[in-house]
Structures are given as C-alpha cells and as structure tokens.
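Peer 1: I have a structure here, written as structure tokens, and I will follow up with some questions on it.
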Amino acid sequence: MVYITNPMKLKALTVPDGQKQLRQPVGDGLYLLVRATSKSWRWDYRLAGKRDTVSLGSFPAVSLKQAKVLLADAKALQKRGINPRADAQRIKAENIAKERAAKAQQIDDANTFKAISMLWLNKCESEWAHSHYLKQVSRLQKHVLPAIGDMSIKKIKRKQVIDFLLLIAGTGKHETAARCGLIVTSVFDYALNA
C-alpha cells in the first residue's frame, strides 16, 4: 500500500470512476476517506472485540499534522478502554449544548427591556395621539429605562419593578408611578404576544 502524505497530492485525490469512495492510507492506521463531495480523516480500531471507526475531521480544514495529533489522542483513549468515537460524540454534544446556551444568552441580552419597549412604542405610535405618544416616550426615558432599560426582559423581577415605582411614588409623583407601571405592564404584554 502506497502512503501519500503530500498535502497537494491529498488535495488532488478523486474517487475513481465506478466507485463511491476511496480510502487513501497515510500511515499508522490513519486514512483519508475520499468521496465525491468530501474528504475526511478516519481511523478504524477495535475495542472490546468490536470494530469501529472514528472521524478525525474534514480535509483540508484539518491538516495531516493535526489529524495525526487527533489520532494519537484517539489511540490514548482506546488504550484506556474508552471508545474514541463515543467520546468524540459526547464532546460534540457538549459543544453544541454550550453553543446553544451561548446563543440563547445572546438573544436574552439583546432582548433588553429598552429594545422591547422601543418595538412596543413603534407599534403604538400610529394608534395614539401624538401628544400621548410623546408623554409615554418621556415617562419611559425619565423613569422606566434608567431603572430597568438595560436588563434582559426575562431577568426582570416583579420586586425590581415595584421598587422603582415606589421610588417614584415616594417623591410625590403617584400618578407618574401608576402610569409607569402601566407602561411596564404593556411592554411585558407586548413581549409575550409579539
């Protein structure tokens, strides 16, 4: 069996006519599986009497040198009795879960009270008299947004809203506090129903 280790020759490999794939060995049990639309590093191994295959990444994204490092890691797992393919799947699942959690956090962070309240105002602007719209914007900017505007709408607690409304009412502005409470309720309703 001829080993090809030159990256340019590996890149030029194609599937022969009449075949679905080509296995090109590169040494130490590692081979490049060449298909019509992809190339990936593979290693066949035995664990507990059963044959299995682990994928070590796509070529050329994973170079031959990187594939050999991944192969050494997979062989170390095999020697310890750990299935390299199952371990790779576990790591992939953990990474996917982390990515989803990070994306969900980004969405939560982007959905601040201020962002949602601006969407709510845009929706309501055509429904209200211009003077009423300006009063709502003023209340939001003066009282509501400084208190909870930068917070994720999902993380705002009832106590935080009550506390800042009580601060407004404590200055003698009971009507303003009540109207600010209505604004907060309307923004939350909008967020839930949008």
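The values are calculated or read from the model by the stated rules, or taken from the named source; none is laboratory data. Source: prediction; values computed, not measured. In this analysis, Cβ positions are derived from the backbone assuming ideal geometry, glycine residues included, and neighbour counts consider all displayed protein chains. Heads up: the accessible areas ignore ligands, DNA and RNA and are worked out on the full protein's heavy atoms, side chains in. Shrake-Rupley method; radii C 1.70, N 1.55, O 1.52, S 1.80 Å.
Peer 1: How many residues, within the range 108-136, are touching a strand residue (DSSP E or B) at 6+ places or on another chain (Cβ under 9 Å) and assigned to a helix (DSSP H, G or I)?
Peer 2: Count: 4.
Peer 1: Tell me the residue from D52, D28, D17 that is among the acidic types (D, E) and under 35 Å from the mean Cα position of the chain (by Cα), please. Write out each step before concluding.
Peer 2: Working: D28 fails: under 35 Å from the mean Cα position of the chain (by Cα); D17 fails: under 35 Å from the mean Cα position of the chain (by Cα).
None of the others qualify; the one that does is D52.
Peer 1: Sticking with this one: Just need a number here: residues in the range 2-13 that are over 18 Å from K65 (Cβ atoms) and surrounded by 11 or more Cβ atoms within 10 Å (Cβ to Cβ).
Peer 2: Qualifying residue count for the region: 0.
Peer 1: Could I ask something else about it? Which of (1) in contact (Cβ under 8 Å) with a residue 24 or more places away in the chain; (2) loosely packed, with under 15 Cβ neighbours inside 10 Å is the odd one out, the single condition Q105 does not satisfy?
Peer 2: Exception for Q105: condition (1).
Peer 1: Take L182 and decide whether it is modelled with pLDDT of 95 or more, part of a helix (DSSP H, G or I) and out of contact with any helix residue (DSSP H, G or I) (no Cβ under 7 Å at 6 or more places or on another chain).
Peer 2: Details: modelled with pLDDT of 95 or more: yes; part of a helix (DSSP H, G or I): yes; out of contact with any helix residue (DSSP H, G or I) (no Cβ under 7 Å at 6 or more places or on another chain): yes.
Yes: the conditions hold for L182.
Peer 1: Test L166 against the stated conditions and say whether it is farther than 21 Å from N193 by Cβ and exposed (fewer than 12 other Cβ atoms within 10 Å of the Cβ).
Peer 2: Values: farther than 21 Å from N193 by Cβ: yes; exposed (fewer than 12 other Cβ atoms within 10 Å of the Cβ): yes.
So L166 passes the test.
Peer 1: Within the range 157-171, can you find the residues that are hydrophobic (A, V, I, L, M, F, W, C) and either within 16 Å of F188 (Cα to Cα) or within 38 Å of the chain's Cα centre (by Cα) (or both)?
Peer 2: Scanning the range 157-171 gives V161, I162, F164, L165.
Peer 1: How about the range 21-63: which strands (runs of 3 or more DSSP E) wholly inside it have at least 1 residues that are of a type in the set (G, A, S) and surrounded by fewer than 18 Cβ atoms within 10 Å (Cβ to Cβ)? Don't jump to the end; show me each part of the working.
Peer 2: On the way: elements: 21-27, 30-35, 39-47, 50-58.
Qualifying strands (runs of 3 or more DSSP E): 21-27, 39-47, 50-58.
Peer 1: Can you pull out the residues in the range 151-161 that are over 12 Å from F113 (Cα atoms) and either in contact (Cβ under 8 Å) with a residue 12 or more places away in the chain or surrounded by 13 or more Cβ atoms within 10 Å (Cβ to Cβ) (or both)?
Peer 2: Q160
Peer 1: Which of the following residues is closer than 30 Å to S55 by Cβ and either open to solvent by 30 Å² or more (accessible area, probe 1.4 Å) or β-branched (V, I, T) (or both): A191, A115, A93?
Peer 2: On the way: A191 fails: closer than 30 Å to S55 by Cβ; A115 fails: closer than 30 Å to S55 by Cβ.
That would be A93, the only listed residue that is closer than 30 Å to S55 by Cβ and either open to solvent by 30 Å² or more (accessible area, probe 1.4 Å) or β-branched (V, I, T) (or both).
Peer 1: Looking at the range 67-90 only, could you name the residues that are part of a helix (DSSP H, G or I) and open to solvent by 90 Å² or more (accessible area, probe 1.4 Å)?
Peer 2: K68, K79, Q89, R90 - these are the residues of the range 67-90 that are part of a helix (DSSP H, G or I) and open to solvent by 90 Å² or more (accessible area, probe 1.4 Å).
Peer 1: Looking only at the range 137-150, how many residues end up being surrounded by 15 or more Cβ atoms within 10 Å (Cβ to Cβ) and in contact with a strand residue (DSSP E or B) (Cβ under 6 Å, 6 or more places away or on another chain)?
Peer 2: Total satisfying the criteria: 0.
Peer 1: List pairs: first in the range 114-138 and among the basic types (K, R), second part of a helix (DSSP H, G or I) and surrounded by fewer than 16 Cβ atoms within 10 Å (Cβ to Cβ), Cβ under 8 Å, 6+ apart or cross-chain?
Peer 2: Pairs that qualify, where the first residue is among the basic types (K, R) and the partner is part of a helix (DSSP H, G or I) and surrounded by fewer than 16 Cβ atoms within 10 Å (Cβ to Cβ): there are none.
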